[in-house]
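Novice: Starting off with a structure, shown below.
Values quoted throughout were computed directly from the atomic coordinates according to the rules given, and no laboratory measurement underlies them. Treat the numbers as computed from the prediction; the structure is a model and nothing was measured. Positions of Cβ are generated from backbone atoms using ideal geometry, with glycine treated the same way; all protein chains shown enter the neighbour counts.
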Amino acid sequence: MGGNVIISGRGLCRYYQRGSETVRALDGVDIDIRSGEAVCILGPSGSGKTTLINLLSALDAPTAGTLAIDGRRVDGLPEHELVTIRRGTLGYVFQEFHLIPTLTVAENVALPLLFLGKKPAQESLARVLDSVGLADRSSHLPKELSGGQMQRVAIGRALIIRPRVLIADEPTGNLDRQTGDTIFDLFLKAVREEGVALVLTTHNLALAERCDRTVTLEDGKVTAETTVSEKAAQPR
Amino acid sequence: MTFTAFAWKNLTRRPVRTMLTAGGVALAVAVAVSLGGFNLGYKRAIAGSIGQLGFQVMVMAKGCPYEAATMMLKGGTGLLYLPEDAHTKIKNDPDIAAITPIFIGIAEKQGSSISDTPSASSFTILSGVDEASFRVMKPWLAFKKGQGYEGGRWFAPDSTNEVVMGFEAAEYEQRKVGDVFYASVTPNGKTEPEMHTFKVSGVLERSGSQDDGTVFLPLKTAQKVFGREGQLTIIGIKLREFNGIRMREFEGRWMGIPEVQVVSLEQVKGALVSLVGTAQTMVAAVAVIAIIVAVIGVINAILMSVYERIGEIGIMKAVGAARNQIFRLIWTETLLICLGGAVAGCLLAVVTAGTTDAALRHLLNIGVTQGLVRITPGLLGTAVLGSVILGLLAGIWPARRAAGLHPVEAIRSIG
């Protein structure tokens, strides 16, 4: 199961100061993410799932601990270097889709390429749009799409740079079950066919079941970690 | 898609706000361009109008020389007169290249004007001239040709019932060669006006000077009609060599004549330029205020736009946007607003140049005939460039705010 370790976190801590109180959002988490595996992070609200996702995606810096992406230590790196790492390695999908309302589907999907300074090749853009089932909606604006279609755009936007890791924070949270399943299929397709690593958070246990590994957080700590073989061995 | 296209699409999200902000810039630019055009135009206009008087020196009755000069330029009432023998004394001065005596009077246009609208001018400037010396002073004056204007000529020197009409005076009165011209004049010392009838002996071509609105008649006839025999309004003089030294020498020789003063039109020009310069400073202050308000408007609009899009900016950072790219995007938006506003402002200034000219002319009342506002391509280019620079400066703060946002905090703000 899985290939090379792409993201490796050791003793990851993220503390926030709320008045005089120190909130330990994440407190000593060890985690490895390998290529070609789907990792689901489970946990109740406030358990630190999003905080961990933000650290793994180099959007935030750990208060303590070490984090390496592609073998390179990234904790303590300045923002401009983190950007370089993010834009070449990581694709991010959010629960709220967060599309740019004035850009068409195709332009939203191609947005990361603008920041990479690349002109979108029509072929690769068409391939991504086709893979997320939006080939016939490329000139539509987000307001003309359903929730599921908007999330497909967000996935296309994450895939356009051919990321090594897809990071999704409750990507099906705003979708009905059937649409959520379809969207999740798209994620797994990227994992199985392109060897992309997937890290996602969800409250949907059915989706978690379909991942290779689940990591359960509570109060900022890993309380359980289950691999697919362990899941298979568990009595149903 | 390019950054510019992306920035443009962002601006179209709130079209009313974008239009209003660009409109503020456009107004400021229009004011600045009009002011710049005024700055370029008024000195030339004053110099041109004074140049078209045809002489460099005026001898006139003592009083405010600038008021008299303005009167010469645009006509008016309250003229002062000097004795005609001053002309006899001065005309043989060795420094004089040409000299012409002029009598100016104001006639009411009762029974002659075809327009009864309140806005129509109710008086005509009658200028009594010595035709021979006047033509030497203004060799460019020519008679209008074409149907109805055949045989146009100057009046005979001793004629008592002939006039030559300036282009605009004839147009306004719809008079052609051979037509009758009526003038109602209240002679000096009398209270009741007298009606005089003249025949139009010629209509002048447009000269672009105050002569266009003047009706010319023989000097002696004009003096008699106004009951001021032996009096002149001014004596126009062209010196053989005109410079400060010659002017002072000439002035020194003739300032001894009682009730007479010698005025250089260079002095008049300087005084008028200085007078207009004061008004210009006030207009410049208004322009500066307009520009400051526009810049504040741009900063405010872009800042609001940034605050509304904090979440989006966070997303852009998450998908790979660097600080400098966010900065560039916001800066481009500011630049587009300022550029659009500048172009619109330049167009507005060009389109309204005539109205601005008329308004300034009315406000300043200096009586020059040439355009006061001169808008050149260089001026427009400077205005656009200035707007771009101001836009770039105005965009720095909002762009820095946007670029400095922490991605996680920005995304979290979406709620």
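Novice: Less than 17 Å apart at the alpha-carbon level, and either on another chain or at least 8 residues along: which aspartates and glutamates does that give for A:K118?
Specialist: A:E107
Novice: Against the longest alpha carbon principal axis of chain A, how many degrees, from 0 to 90 and to the nearest 10, is the axis of helix A:177-194 turned?
Specialist: 90
Novice: A further question on this structure: Summarise the partner chain shielding of B:308-316 as one whole number: the mean count of Cβ atoms from other chains within 10 Å of each residue's Cβ.
Specialist: 3
Novice: Compactness ratio of the protein assembly as shown: Cα Rg over 2.2 N^0.38 Å, N = residue count? It would help to have the intermediate numbers written out before the result.
Specialist: Numbers: Rg = 42.2 Å, N = 651, 2.2 N^0.38 = 25.8 Å.
That works out to 1.64 for the protein assembly as shown.
Novice: Percent relative contact order of chain B, based on C-alpha pairs within less than 8 angstrom and at least six residues apart?
Specialist: So the answer I get is 30 percent.
Novice: If you don't mind, there's one more thing I want to ask. Let me know the volume per residue of the alpha-carbon convex hull for segment B:127-229, in Å³.
Specialist: So the per-residue hull volume is 96 Å³.
Novice: Using a cut-off of under 17 Å, list every residue of segment B:22-39 whose amide N is near the label point 7 Å from the Cα of B:T376 along the Cα-to-beta-carbon line.
Specialist: B:33-39
Novice: When each pair of different Cα atoms in segment B:175-257 is counted once in the 1/r mean, what is the Kirkwood radius in angstroms, to one decimal?
Specialist: For segment B:175-257, the Kirkwood estimate is 16.2 Å.
Novice: Taking the alpha-carbon set of segment B:233-321, what are its Rg and Dmax in Å?
Specialist: Rg then Dmax for segment B:233-321, in Å: 30.5, 91.
Novice: If you project the alpha carbons of segment B:167-310 onto their three principal axes, what span does each projection cover, largest first, in Å?
Specialist: 84, 47, 34
Novice: If you project the alpha carbons of segment A:107-214 onto the principal axes, what extent comes out on each, in Å, largest first?
Specialist: Sorted from largest, the Cα extents of segment A:107-214 read 39, 30, 20 Å.
Novice: Kirkwood Rh, Cα Rg: Rg to Rh for segment A:1-140?
Specialist: Expressed as Rg/Rh, it is 1.02.
Novice: Here's another thing I want to ask about it. Per the Cauchy relation, a quarter of the hull surface: what is the mean projected area of the convex hull of the alpha carbons in segment B:326-415, in nm²?
Specialist: 8.3
Novice: At what distance in angstrom do the alpha carbon centres of segment A:135-177 and segment B:217-258 lie from each other?
Specialist: If you average the Cα positions of each part, the centres end up 91 Å apart.
Novice: Can you figure out the FRET efficiency of A:E21 with B:V351, using R₀ = 60 Å and their beta-carbon distance, to the nearest 0.05?
Specialist: 0.40
Novice: Give the share of C-alpha pairs in each 10 angstrom bin for chain A, from 0 to the last occupied bin, in whole percents, shortest bins first.
Specialist: 8, 32, 36, 20, 4, 0
Novice: How do B:M1, B:M316, B:M247, B:M255 rank when sorted from fewest to most other Cβ atoms within 10 Å of their own Cβ?
Specialist: Fewest-to-most ranking of B:M1, B:M316, B:M247, B:M255: B:M255, B:M1, B:M247, B:M316.
Novice: Could you check the spin-label model distance between B:R248 and B:L393? Points 7 Å from the Cα along Cα→Cβ, value in nm.
Specialist: My value for the distance between the label points is 4.4 nm.
Novice: Using a Förster distance of 22 Å, how high is the FRET efficiency between A:N4 and A:E81, based on the Cβ-Cβ distance and rounded to 0.05?
Specialist: 0.50
Novice: Kindly provide log₁₀ I(q)/I(0) values, in the same order as q = 0.06, 0.09 Å⁻¹, from the Debye equation applied to equal alpha-carbon scatterers of chain B.
Specialist: -0.41, -0.68
Novice: For peptide B:249-256, what's the mean number of Cβ atoms from other chains within 10 Å of each residue's Cβ?
Specialist: Working: counts 0, 0, 0, 0, 0, 0, 0, 0.
Taking the mean over all residues of the peptide, I get 0.
Novice: Filter the GluC sites (Glu not before Pro) in segment B:248-306 to those in DSSP coil with at most 15 other Cβ atoms within 10 Å of their Cβ, and list the result.
Specialist: Sites meeting the loop and neighbour criteria: B:E259.
Novice: Which whole-number percent gives the relative contact order of segment A:3-158, counting Cα pairs below 8 Å spaced six or more residues apart?
Specialist: Normalised by residue count, the contact order of segment A:3-158 is 20 percent.
Novice: Now for a different question. Quick one: order A:L175, A:L205 by neighbouring beta-carbon count within 10 Å, fewest to most.
Specialist: With the fewest neighbours first, A:L175, A:L205 line up as A:L205, A:L175.
Novice: Follow-up question, since we're still on this one. Can you give the alpha-carbon Rg of segment B:230-386 over 2.2 N^0.38 Å, where N counts its residues? List each step's numbers first, then the result.
Specialist: Details: Rg = 27.3 Å, N = 157, 2.2 N^0.38 = 15.0 Å.
This ratio for segment B:230-386 stands at 1.82.
Novice: Sticking with this one: Which whole-number percent gives the relative contact order of segment B:81-234, counting Cα pairs below 8 Å spaced six or more residues apart?
Specialist: Reported as a whole number, the value is 34 percent.
Novice: Related question: Using a 10 Å cut-off around each Cβ of peptide B:320-329, what is the average number of partner chain Cβ atoms that fall inside?
Specialist: Values: counts 17, 8, 8, 3, 2, 6, 1, 0, 0, 2.
Counting Cβ atoms of other protein chains within 10 Å of each residue's Cβ and averaging gives 5.
Novice: Compute the Rg/Rh shape ratio of segment B:1-54: radius of gyration over Kirkwood radius, all on alpha-carbon atoms.
Specialist: Reported Rg/Rh, Kirkwood definition of Rh: 1.41.
Novice: Going by how many other Cβ atoms sit within 10 Å of their own, how do B:K224, B:K190 line up, fewest first?
Specialist: Details: B:K224 15, B:K190 10.
Ascending Cβ contact count within 10 Å gives the list B:K190, B:K224.
Novice: Structure shown: which of B:K190/B:K224; B:K43/B:K176; B:K62/B:K89; B:K43/B:K145; B:K144/B:K269; B:K199/B:K220 lie over 23 Å apart, alpha-carbon to alpha-carbon?
Specialist: B:K43/B:K176; B:K43/B:K145; B:K144/B:K269
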